[in-house]
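Inspection log for the structure reproduced underneath, given as C-alpha cells.
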Amino acid sequence: QVQLVESGGGLVQAGGSLRLSCVVSGRTFRNYGMGWFRRAPGKEREFVAAISISGTFTVYQESVKGRFTISRDSAKDTMDLQMNSLKPEDTAVYYCAACEGFELLRFPSGYEYWGQGIQVTVSS
C-alpha cells in the first residue's frame with residue numbers, strides 16, 4: 001500500500017511563495033508517475049502539474065506555467081511543488097497523487113493513490 005503525506009501549506013500574501021512537499025512510503029517510489037492537483041471551494045478537483053517517472057519531463061496547467069515548478073527526489077522518495085508569485089485564485093486544498101507505471105497524466109481518475117490534502121490560502 002502506498003501512502004502519501006503532504007506538507008508545507010499555509011497562508012501567504014499575494015506575490016509570495018510556498019513550497020509543498022509530498023513524502024511517499026510503502027512501495028518503490030521510482031515506479032510511479034506523480035502529480036499535484038487542487039480543489040478550490042465550490043469547484044472540481046483540477047490538475048496542477050505532473051512529473052515523469054524519471055523526473056525528466058513535466059507538464060503544467062496553463063495558469064501556473066512559469067510560476068510553479070514540480071520536482072522529485074527518488075533518493076528521498078519525495079516530490080515538491082515550488083509555488084512562486086502566488087495569486088488569490090491559487091487558494092485551494094492541494095493534493096499529491098501517484099500512479100504506477102504511467103506518467104504525466106492530467107486527469108484525477110488516472111491516479112491510484114492520494115494524499116490527504118493540504119490547505120494553501122493566498123490573501124490579496
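The values are calculated or read from the model by the stated rules, or taken from the named source; none is laboratory data. These numbers were taken from a predicted model, which means no experiment stands behind them. Methodologically, a virtual Cβ is constructed for each residue, glycine included, from the backbone with ideal geometry; neighbour enumeration extends over all protein chains shown. When the accessible area is computed, the model is the full protein with side chains, heavy atoms only, and any ligands, DNA or RNA have been set aside. Shrake-Rupley method; radii C 1.70, N 1.55, O 1.52, S 1.80 Å.
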Item checked: Residue-count net charge about Ala97 - beta-carbon cut-off 10 Å; Lys, Arg +1, Asp, Glu -1 -> 0
Notebook entry, point to check: Say R0 is 35 Å: what FRET efficiency, to the nearest 0.05, do Ser123 and Thr58 get from their beta-carbon distance?
Noted result: 0.80
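With a 1.4 Å probe and every protein chain left in place, work out the accessible area per residue of the chain in Å², rounded to a whole number. If you can, show how the numbers build up before the last one.
Numbers: 6180 Å² over 124 residues.
Ligands and nucleic acids excluded, the figure is 50 Å² per residue.
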Next item on the list: Could you tell me which Cys residues in the chain have no other cysteine's Cβ under 4.7 Å from their own Cβ, answering none if every one has a partner?
Entry: Cys99
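Using a simple charge model, +1 on the beta-carbon of Lys and Arg, -1 on the beta-carbon of Asp and Glu, nothing else, what dipole does the chain show about its Cα centre, in debye to the nearest 20?
On the way: 13 positive and 12 negative charges, 28 e Å.
Around 140 debye, computed over the chain.
What is the gain in length, in nm to one decimal, between Arg106 and Val23 on full extension, counting 0.36 nm per residue of separation less the C-alpha to C-alpha distance? Walk me through the numbers before you get to the answer.
Values: separation 83, 0.36 × 83 = 29.88 nm, distance 2.04 nm.
So the chain would gain 27.8 nm between Arg106 and Val23.
Quick one: with all protein chains in place, what share of the accessible area of the chain is carbon or sulfur, to the nearest percent (1.4 Å probe)?
Details: 3040 of 6180 Å².
Carbon and sulfur together cover 49 percent of it.
Compare Ile53, Ile70 by solvent-accessible area with a 1.4 Å probe and give them largest first, with all protein chains kept in place.
Ranking Ile53, Ile70 by accessible area, largest first, yields Ile53, Ile70.
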Next item on the list: Measure off 7 Å from each Cα along the Cα-to-Cβ vector at Ser74 and Arg39, then give the distance between these two points in nanometres to one decimal.
Entry: 3.2 nm
Next item on the list: Treating cross-link reach as a plain straight distance, find the lysines whose alpha-carbon is under 21 Å from the alpha-carbon of Lys87, omitting any fewer than eight places away in the same chain.
Entry: Lys43, Lys65
Next item on the list: Heads up, I need the accessible area for Arg27: 1.4 angstrom probe, whole protein in place, Å², nearest 10.
Entry: 110 Å²
Notebook entry, point to check: Give or take rounding to whole Å, what are the principal axis extents of the alpha carbon atoms in the chain, in descending order?
Noted result: 40, 26, 23
Item checked: Sparse-neighbourhood loop sites, GluC sites (Glu not before Pro) in segment 34-108 - DSSP loop, at most 10 other Cβ within 10 angstrom -> Glu44
Checklist line | Label zone at Gln1 (point 7 Å along Cα-to-Cβ), backbone N below 15 Å, segment 15-48 | finding: 25-27
Next item on the list: Could you work out how far apart the two model spin labels at Glu46 and Arg67 are, taking each label as a point 7 Å from the Cα in the direction of the beta carbon, and quote it in nm?
Entry: 1.0 nm
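Place a +1 charge on the Cβ of each Lys and Arg in segment 1-72 and a -1 charge on the Cβ of each Asp and Glu, then give the dipole magnitude about the Cα centre in debye, rounded to the nearest 20.
Working: 10 positive and 4 negative charges, 18 e Å.
That gives a dipole near 80 debye.
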